[in-house]
Amino acid sequence: MRFFNFKKLDDLKFEVKHLKLDDVIKFEEKLSKVFEPLKFDELKIGNRFAVHPMEGCDGTLDGKPDELTFRRWERFGAGGAKLIWGEATSVVEEGRANPRQLFLNEKNLKYFAELVKKTRDAHKKIWGDDSDLIIGIQLTHSGRWSYQKPFIVFHNPVVDKLTFIDRKRRTTIPSEYPTVSDDYLEKLEDQFVKCAKLAYEAGFQFVDIKQCHTYLLNELLAGKTRSGRYGGDFSNRTRFIKNVVEKIKSEIGNRIKIASRINVFDCLPFIKDDTGVGKPVEYPIPYVYAFGVNEENPLEPDLTEPIKLVKLLYSLGVKLFNISMGSPYYNPHIGRPYETPPWDGYIQPEHPLVGVARHFKLTAEIKKNLQEDAIVIGTGYSYLRHFLVYAGEANLKEGKVSMIGLGRSALAYPDFFIDLKKNGMLNPSKVCITISHCTNLMRSKHNELGQFPTGCVPRDTVYAKIFKEMKNSQNLV
Ligand SMILES: Cc1cc2nc3c(=O)[nH]c(=O)nc-3n(C[C@H](O)[C@H](O)[C@H](O)COP(=O)(O)O)c2cc1C
């Protein structure tokens, strides 16, 4: 199935109109807002492009950044986006999503400091000044997607059937599987605080307390059926994030800023139908197991609680938000609209532009509910390829977003901003084409390290080679 068939912006506009999305996805060809700087408290961010957190699954087994990590970050640094939102980095060994995920601790600290320094040096080399470049790191616990064993906040009758305790034997979570204890969570709060301190020492300017993509802190937001201090009503479900933010503030003050990437709409798991197209799994109503959904129809967002959450965080001093949605494990089309599905996915059940519009709409709604000095970064732009800058400009102009976040397109085309500055446009032959090979590499575990590194297969020869090796060795396992 081919969705993206747009040679000219007018072709894309035509399809957007045909899909009746033209009140949400707009384009402005006269670029100016994207180049404007932005104030972040006393800091300055030099332009409106942010590199989203993009894990390369390329750390050492003990969680240090390795050769490919440095390469990726330096390319982001040189590229010219003025905010780099560092990737998922675990705060505890057992919370890593894969054996090569970064892990911040005292032993690894100096390597993270080197990562920051090298990224800034790469930026300075091309752009001269790095005083308006902001770099942060995403702190996480992978919860039910931790690679050693799942850590679940509550039993989700739908998602438990898709969460493996033994992938080889295809064994999923049984009903007697334990949930994480309140005690574990309380200690984990301190790990986040400890890592925020380490991040400050490493030279990061902000820490993201990650609450997205159905990892542990996202699941806490959805824990309506959990009993005890961390479950049930909104106040209990946000206890963890409140405690972490307050403890960081009291222990480090304003020396490191606190940010959060938040799922504003978890949606439901999807599986393949007989033709390979995605369809929602069967689910009970009311669906009380997800965040930001209408319980009577969980395919529909309900932003009541996400808005409450961002307002609460803002009142605690959090001013940097990155808005996301969905789960990479069970509904990848929600978070990252694609042309070709990942191998463990399904054909898009909706035109990918519908997914792009959902991102734009929900992000604008969140932004509308925050004060002017809150920075809201949007997601979902990569599907638009080289036209993304025109959609970004339109969104900025209408005040629907503060910065344009780029995920897959930053992997494919890290130097996009150099071209944009020089030529006034992006190069169509360098952009991400959303064929999901980065996700396929991420899902490939059959090498001696238990994880292949990931990057852009069609646009980066380093990863084309890794992909080929991965495919060849696939036949051997
Ligand atoms: C290979 C890969 C790695 C990713 N790593 C992270 C991550 O570490 N943290 C995170 O919040 N999101 C991660 N994401 C999601 C992206 O940041 C982004 O939300 C998603 O790709 C959609 O944005 P895009 O359309 O610009 O690609 C990853 C996505 C991919 C494909």
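For His351, His359, write out the residues from largest to smallest accessible area, computed with a 1.4 angstrom probe and no ligands counted.
Details: His351 30, His359 0 Å².
Order by accessible area, largest first: His351, His359.
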(request) Would you mind telling me the antiparallel percentage of the DSSP bridges in the stretch 253-396, rounded to 5? (result) 35
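I'd like to compare 240-248, 421-429, 321-329: which one has the highest average count of other Cβ atoms within 10 Å, and what's the full order after that? Don't jump to the answer; show the numbers that get you there.
Details: 240-248: 20.3, 421-429: 12.0, 321-329: 25.2.
Highest-to-lowest ranking by the protection proxy: 321-329, 240-248, 421-429.
Please identify the trypsin sites (Lys or Arg not before Pro) of the stretch 1-93 that satisfy two criteria: DSSP loop assignment and at most 14 other Cβ atoms within 10 Å. Which are they? Present the calculation step by step, with values, prior to reporting the outcome.
Working: sites: Arg2, Lys7, Lys8, Lys13, Lys17, Lys20, Lys26, Lys30, Lys33, Lys39, Lys44, Arg48, Arg71, Arg72, Arg75, Lys82; in loops: Arg2, Lys7, Lys8, Lys20, Lys26, Lys30, Arg48, Lys82.
Within the stretch 1-93, the qualifying trypsin sites (Lys or Arg not before Pro) (loop, at most 14 other Cβ atoms within 10 Å) are Arg2, Lys7, Lys8, Lys20, Lys30.
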(request) Give, in nm to one decimal, the length gained when the segment between Glu295 and Lys308 is fully stretched (0.36 nm per residue of separation minus the Cα-Cα distance). (result) 3.0 nm
(request) For the stretch 26-474, give the percent of accessible area contributed by carbon and sulfur heavy atoms, probe 1.4 Å, rounded to a whole number. (result) 51
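Using the alpha carbons of the stretch 26-474, what is the convex hull volume per residue in cubic angstrom, as a whole number? Let's see the in-between values first.
Values: hull volume 59.7 nm³, N = 449.
Roughly 133 Å³ of hull volume per residue.
Show me the helices of the chain, taken as full DSSP H stretches, that run 15 Å or more along their long axis by Cα and average -1.0 or above in Kyte-Doolittle hydropathy. Present the calculation step by step, with values, prior to reporting the outcome.
Details: long enough: 67-79 (18 Å, -0.90); 109-127 (27 Å, -0.76); 182-202 (30 Å, -0.60); 239-252 (19 Å, -0.20); 304-315 (17 Å, 0.37); 352-368 (24 Å, 0.08); 461-474 (19 Å, -0.70).
Span-like helices in the chain: 67-79, 109-127, 182-202, 239-252, 304-315, 352-368, 461-474.
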(message) Can you find, among Gly276, Ala290, Val180, the residue sitting farthest towards the positive end of the charge dipole of the stretch 171-313, where Lys and Arg contribute +1 and Asp and Glu -1 at Cβ?
(response) Val180
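Could you order the peptides 157-163, 115-121 from most to least packed, using the average number of other C-beta atoms within 10 Å per residue? Walk me through the intermediate numbers first.
Details: 157-163: 17.3, 115-121: 18.9.
Output ranking for 157-163, 115-121: 115-121, 157-163.
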(request) Compare the Cα positions of Ser436, Val159, Ala412 along the charge dipole of the chain (+1 at Cβ of Lys, Arg; -1 at Cβ of Asp, Glu; about the Cα centre) and return the one farthest towards the positive end. (result) Ala412
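Enumerate by residue number the GluC sites (Glu not before Pro) in the stretch 155-245 meeting two conditions: DSSP loop (anything except H, G, I, E, B), and at most 11 other Cβ atoms within 10 Å of the site's Cβ. Could you put the intermediate results ahead of the total?
Details: sites: Glu176, Glu186, Glu189, Glu201, Glu219; in loops: Glu176.
Answer by residue number: Glu176.
What length, rounded to one decimal in nm, is gained on full extension from His18 through to Ile126, with 0.36 nm per residue of separation minus their alpha-carbon distance?
Working: separation 108, 0.36 × 108 = 38.88 nm, distance 4.22 nm.
Between His18 and Ile126, full extension yields an extra 34.7 nm.
With a 1.4 Å probe and all protein chains in place, put Thr363, Thr275 in order of accessible area, largest first.
Numbers: Thr363 5, Thr275 100 Å².
Sorted descending by solvent-accessible area, the residues read Thr275, Thr363.
Where does the stretch 158-231 land on the Kirkwood hydrodynamic radius, alpha-carbon pairs, in angstrom? Please report the intermediate quantities before stating the final value.
Details: mean 1/r = 0.0680 Å⁻¹.
Value: 14.7 Å, from the Cα pair sum.
May I ask you to compute the full-extension gain from Val288 to Lys361, defined as 0.36 nm times their residue separation minus their alpha-carbon distance, rounded to one decimal in nm?
On the way: separation 73, 0.36 × 73 = 26.28 nm, distance 2.34 nm.
Stretched fully, the Val288-Lys361 segment lengthens by 23.9 nm.
When ligands, DNA and RNA are left out and all protein chains stay put, how many square angstrom of accessible area per residue does the chain have with a 1.4 Å probe? If you can, show how the numbers build up before the last one.
Details: 18770 Å² over 477 residues.
That works out to 39 Å² per residue.
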(request) Mind giving me the nanometre distance, one decimal, between the label points for Asn472 and Leu162, set 7 Å out from Cα along Cα→Cβ? (result) 3.5
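What is the dipole size for the chain, taken about its Cα centre, with +1 at each Lys and Arg Cβ and -1 at each Asp and Glu Cβ, in debye to the nearest 20? Could the numbers behind the result be given before it?
On the way: 71 positive and 61 negative charges, 177 e Å.
My answer is approximately 860 debye.
Give me the dipole magnitude in Debye, nearest 20, for the stretch 292-358 about the Cα centre, with unit charges on the beta carbon: positive for Lys and Arg, negative for Asp and Glu. Intermediate results must be reported in sequence, preceding the final value.
Values: 5 positive and 8 negative charges, 90 e Å.
Dipole about the Cα centre, nearest 20: 440 debye.
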(request) Restrict the search to the stretch 42-146; then list the GluC sites (Glu not before Pro) that DSSP places in a loop and that have at most 10 other Cβ atoms within 10 Å of their Cβ. (result) Glu42, Glu106
(message) Which one, Val245, Cys57, Val354, is farthest towards the positive end of the dipole of the chain when Lys and Arg carry +1 and Asp and Glu -1 on their Cβ?
(response) Cys57
(request) Sort all Cα-Cα distances of the stretch 200-300 into consecutive 5 angstrom bins from zero, then give the percent of pairs in each bin up to the one containing the longest distance. (result) 2, 12, 17, 19, 16, 12, 8, 7, 4, 2, 1
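Of the beta bridges DSSP finds with both residues in the stretch 26-474, what % are antiparallel, to the nearest 5?
Numbers: 10 of 43 bridges.
Bridges in the stretch 26-474 are about 25 percent antiparallel.
The values are calculated or read from the model by the stated rules, or taken from the named source; none is laboratory data. As the structure is a prediction and not an experimental result, all values here were calculated from the model. All Cβ positions, glycine included, derive from the backbone under ideal geometry; neighbour counts span all protein chains shown. SASA here: full protein model, heavy atoms, side chains in, ligands and nucleic acids out. Shrake-Rupley method; radii C 1.70, N 1.55, O 1.52, S 1.80 Å.
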